[in-house]
Amino acid sequence: MGGITFYLFIVLTFTGVLLMYYYHPSKVQAFRDILYLEHDVPFGKLLRNMHRWAAHLMVIAVWLHMFRVFLTGSYKRPREFNWCVGVILMVLTLLLSFTGYLLPDDQLGFWAVTVGTNMARATPLLGTEGPFGQQLGMTPFNDVRFALLGGSIVDANALLRAYIWHCIAIPIIASVFMGVHFWRVRKDGGISGPAPVMLESEIKEQKGPRPVIMKPSGTQ
Ligand code: HEM
């Protein structure tokens, strides 16, 4: 599942770079570019839908990967560090989806980002309505929501910021964390698997995890 997640990330990077050739992150142009891609650009609809579907699938794949790692207990020693790197990768994957949502500048994205960034108001310490926010001098014009949107409403600055986070900053940060993730998989002895299954007669002196012993059928 980790491999599939990575494969989808590559597909997203490739189709995303191609989409950048047609997209302008401005209020005048963004939605028109989407219509242009859908109706006029050769294979534009295919390109856009490959990017959208790969994004949905990557979110599903990353959850399934995490679920597999949990079920096989692979978050335990020596892989606990890589589990933490994985949690960061999952958050980055969700942020990629969220920032991409606004880019078409349609009603769906606009309201999704309005609701999502309104939640940022309640961030502890950094949000104007969050615990200890006001004590630390947070207002609607200097809190974390303001920083995310580049203003106090979802408008042109928010579109530009979402674009830069989506196409440059988060992909670079995620690539660095993926590099660390893969390096750790190797350093922790490769992907974990079940203990080797052996017949009693096959067991010699050996180090490593205790094998599961299969008795030939019919014996006690
Ligand atoms: C962008 C997201 C991610 C990518 C591309 C990715 C990729 C991979 C790959 C290719 C592997 C080795 C093959 C495999 O075990 O399937 C792996 C292993 C692992 N991943 Fe991820 N991963 C991601 C997110 C996560 C998340 C969300 C977690 C958990 C919170 C996680 C925890 C782990 C751990 C602990 C291993 C080692 C598993 C083992 O040795 O059996 N990863 N990852």
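Only Cα pairs under 8 Å and 6+ residues apart enter the sum, and on that basis the relative contact order of the stretch 2-195 stands at 21 percent. In this view, the solvent-accessible surface of Ile10, computed with a 1.4 Å probe and all protein chains in place, comes to about 80 Å². In the chain, the longest principal axis of the Cα atoms and the axis of helix 80-102 are about 30 degrees apart. The residues of the stretch 2-195 expose, per residue, 60 Å² of accessible area to a 1.4 Å probe. Free of any trypsin sites (Lys or Arg not before Pro) that DSSP assigns to a loop and that have at most 14 other C-beta atoms within 10 Å, the longest stretch within the chain is 77-203.
Once you divide the Cα radius of gyration of the chain by 2.2 N^0.38 Å, the number left is 1.37.
Rolled with a 1.4 Å probe across the full set of protein chains, the surface gives Asp105 an accessible area near 30 Å². Between Lys27 and Ala195, the simple spin-label model (points 7 angstrom out along Cα→Cβ) gives 6.5 nm. Ligands, DNA and RNA left out, the 1.4 Å accessible surface of the chain is 69% carbon and sulfur atoms.
The values are calculated or read from the model by the stated rules, or taken from the named source; none is laboratory data. The shown structure was predicted, so the numbers you read here are calculated from the model rather than taken from an experiment. Methodologically, a virtual Cβ is constructed for each residue, glycine included, from the backbone with ideal geometry; neighbour enumeration extends over all protein chains shown. Side chains included, ligands, DNA and RNA excluded: accessible areas come from the protein's heavy atoms. Shrake-Rupley method; radii C 1.70, N 1.55, O 1.52, S 1.80 Å.
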